[in-house]
Structure formats: C-alpha cells, structure tokens
1. Would you confirm whether or not region 81-103 contains a residue that is surrounded by fewer than 19 Cβ atoms within 10 Å (Cβ to Cβ), at positive phi and within 14 Å of the ligand (Cβ to nearest atom)?
2. State which residue is surrounded by the most Cβ atoms within 10 Å (Cβ to Cβ) when the search covers only region 219-243 and only residues that are away from the ligand (no atom under 14 Å from the Cβ) and at positive phi.
3. Are any of the residues in region 63-71 open to solvent by less than 50 Å² (accessible area, probe 1.4 Å) and either out of contact with any strand residue (DSSP E or B) (no Cβ under 8 Å at 6 or more places or on another chain) or modelled with pLDDT under 95 (or both)?
4. Look at region 114-156 and say how many of its residues are in contact with a Ser or Thr (Cβ under 7 Å, 6 or more places away or on another chain) and not in a loop (DSSP other than H, G, I, E, B).
5. Quick one: in region 22-45, of everything that is polar (S, T, N, Q) and either more than 16 Å from the chain's Cα centre (by Cα) or open to solvent by 40 Å² or more (accessible area, probe 1.4 Å) (or both), which residue is farthest from the ligand (Cβ to nearest atom)?
6. Can you find, within region 192-218, the residue that is farthest from the ligand (Cβ to nearest atom) among those that are within 25 Å of I239 (Cβ to Cβ) and open to solvent by 30 Å² or more (accessible area, probe 1.4 Å)?
7. In contact (Cβ under 8 Å) with a residue 24 or more places away in the chain, among the hydrophobic types (A, V, I, L, M, F, W, C) and more than 24 Å from G244 (Cβ to Cβ): which single residue out of V191, V159, V180 fits that description?
8. What is the number of the single condition among (1) at pLDDT below 95; (2) under 20 Å from the mean Cα position of the chain (by Cα); (3) surrounded by fewer than 18 Cβ atoms within 10 Å (Cβ to Cβ); (4) within 13 Å of the ligand (Cβ to nearest atom) that S133 does not meet?
Amino acid sequence: MLKAKLGEYELDGVFTNGSGANDDSLDKLLQIADSRAGFITTKTTTFLPRPGNPGPRFYILGNNAINAMGLPNPGYKEMARIVSELKTRTKKPVFVSMSGFNLEESGELAKTLSPAADVLEVNLSCPNLMGKSQIIYNPEQTEAVLKEIKKNTNKKIAVKAAPFLDPGMQNEFCEIAKKVGVDFIVAINTVGNCMYIDADREKIMLKPKWGGLGGEALKMIGWGNVRRYYEFFKGSVPIIGCGGIVSGKDAFAYALAGANAFASATTLYKEGVGCFGRMEDELEAELKKHNYASLADAVGKAKEF
Ligand code: RRO
C-alpha cells in the first residue's frame, strides 16, 4: 500500500473518487470506503435535492467521457445525514463537495455539512448549469463565496477548480485562494462547453446540448494547471491531481507536476473501484523505477529542459 501526505493527512492509499463518480448515496460511498481509495469524496450537494437533467446525459467514449448530469443529488440535509453515517463506518477522510447557488445557501451548506465533513470541497466549477457561468471564472464571485464559506465552517476547505486555459486567470484565482486561505486544491474539473455529435445520426447526443468532457484528453491541461498551482504556492497548498488519469504512470506525472494525491472519475466509471488498487500498484512500480523512496519525495520533481 502506498501512502500519501496530503496536508495534515497521512493517507493509506493515494486516490479518491473524482466528485460525481458513483458517490451520491451511502451504498456507493461505502463501496469507495471499502476499496483501496485513501480518501472519499461525495457528489456535489446543493441546497435543494435535484434530479439533474433528464438526459441523455452521460457517455463513455473510449478513455474519455462527456456528461451533462446537471448536479443530481439528494440535497444538503440528506447528504449531511449520509456523511455522518459514512463516518461511523470508515476512518478514511471524507471530502464533502458542495455548491450553493447564492451566498446565503453557501453559508447554510457550509454550516450544516461541516460537523460530519473532514474537508469541505467547494465546487466552483460545475459546467452543466445551463445559462450560469462557472463561478471560478469570476474573481469577485469566487472571493465572496469563499469568504462566506470560511465564515460558516471551522473545517478546512478545498476548491474544485475548473480547467484554466489562460494562465492570467489562473494566477488571479491563486491570489484569491491565498488571500482567503484555501487549504487544498483539486484540479481539474471537466472541460465545459463541449458537445458530442453523432455524425451518422446527424444528432447532438446530449440533452441539454452541451456538457463537460472528462478523461484522458484532459491530462495535459491537468498537468499544466497543477504545475502552475505548485509553483504559485511553492508546495504550501496540497494539490489533488484530477483529470485523465488512466494509469499509475499518469498519476506519477501528476506527482512530478506537483500533486500530492489523485482523483479519478472516468476511469472509476469504466473500471469500478478496483481501478484505485491497480493504479496505485502501477504508481508504486514507477516510483521504484525512478528511485523515489516515497510518493512525497516525487512531488514537484519534474525537471525542466
Ligand atoms: O453534475 C454535473 O453535471 C457535474 C458537476 Br456538479 C461537476 O462538477 N462536473 C461535471 O462534469 N458535471
């Protein structure tokens, strides 16, 4: 078993599920708890329960996936109950993912979810709320939401970050994260504004039309974004690398970029919870091959040309 050092956590197992991948009920979360995942993340929860979009809303396409789920979840009160039950059944840290639709909701969610959560994962990057921008791309909103959540919790907070395709925008977010005191960064969420068209059927395959692209295609955006966080925070903010990890070697590259632990969603969908052990074993072999005594030793070690 490989250990990860993620801030104050010494994790037995280096992976978690990327929020949204089979994690919206107690049964599904218990499956993750019983796997070789080192920590557990919940589906993003909102103030009201949501059925999500009617669909079709999810496809696996090779090593990629596209989704327009639309935030289906049981609502924050039920999620608080699920997580307190989960915590009686596992010692693994639980990141509770949340998304308020306004400041009041954000504060209320933070207050109610905090007692059971180890960490609040603030999802500022859902790409599937049609007609709404992703909060993280708006610096003023980002700062206001994070300040409100910090006011209402005594737990550490993580931000689930969208892919930044522009370095200036990512730096702007980093400045806010530093000012507000973000404790962990999970990078990256899916790439929004994507579309799947079946040319044979001349059809847009998602309803609503646009969705978030996840999976292997995201790897290089993820590595780039993680490296920028690592360089900005000089390693002081622990990073969970997420986006396109299909093998232990991909996770190794995330570690070299600066990630301390990893999340997987598309691969989890494809393979089930066995993916965590498989990829961890592959990562362990990579670390040995490159003469690293531990995962922590490899973090940020990508050499420059
Ligand atoms: O539920 C979703 O549609 C969803 C969410 Br909350 C997210 O953060 N990322 C994504 O690709 N889909």
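The values are calculated or read from the model by the stated rules, or taken from the named source; none is laboratory data. Since the model is a prediction, treat every value here as computed from it, not as a measurement. Cβ atoms come from the backbone with ideal geometry, glycine included; neighbour counts cover every protein chain shown. What goes into the accessible areas is simple: the full protein's heavy atoms, side chains included, and nothing from ligands, DNA or RNA. Shrake-Rupley method; radii C 1.70, N 1.55, O 1.52, S 1.80 Å.
1. No, every residue in region 81-103 fails to be surrounded by fewer than 19 Cβ atoms within 10 Å (Cβ to Cβ), at positive phi and within 14 Å of the ligand (Cβ to nearest atom).
2. G235
3. Our first condition is that a residue be open to solvent by less than 50 Å² (accessible area, probe 1.4 Å); within region 63-71, this holds for 64-71.
Filter once more, so that each one left must be either out of contact with any strand residue (DSSP E or B) (no Cβ under 8 Å at 6 or more places or on another chain) or modelled with pLDDT under 95 (or both): none.
No: region 63-71 contains no residue that is open to solvent by less than 50 Å² (accessible area, probe 1.4 Å) and either out of contact with any strand residue (DSSP E or B) (no Cβ under 8 Å at 6 or more places or on another chain) or modelled with pLDDT under 95 (or both).
4. Of the residues in region 114-156, the ones in contact with a Ser or Thr (Cβ under 7 Å, 6 or more places away or on another chain) are 114, 116, 120-121, 123-124, 126-127, 134-136, 145, 148-149, 153-155.
Restricting the remaining residues to those that are not in a loop (DSSP other than H, G, I, E, B) gives 120-121, 123, 135-136, 145, 148-149.
The number of residues fulfilling the criteria is 8.
5. S35
6. At the first step, the residues of region 192-218 found to be within 25 Å of I239 (Cβ to Cβ) are 192-194, 212-218.
Within this subset, residues satisfying the condition of being open to solvent by 30 Å² or more (accessible area, probe 1.4 Å) are 193, 213, 216-217.
On the way: N193: 11, L213: 8, E216: 15, A217: 13 Å.
Step by step, filter region 192-218, then rank; the result is E216.
7. Values: V191 fails: more than 24 Å from G244 (Cβ to Cβ); V159 fails: more than 24 Å from G244 (Cβ to Cβ).
Residue meeting the stated conditions: V180.
8. (4)
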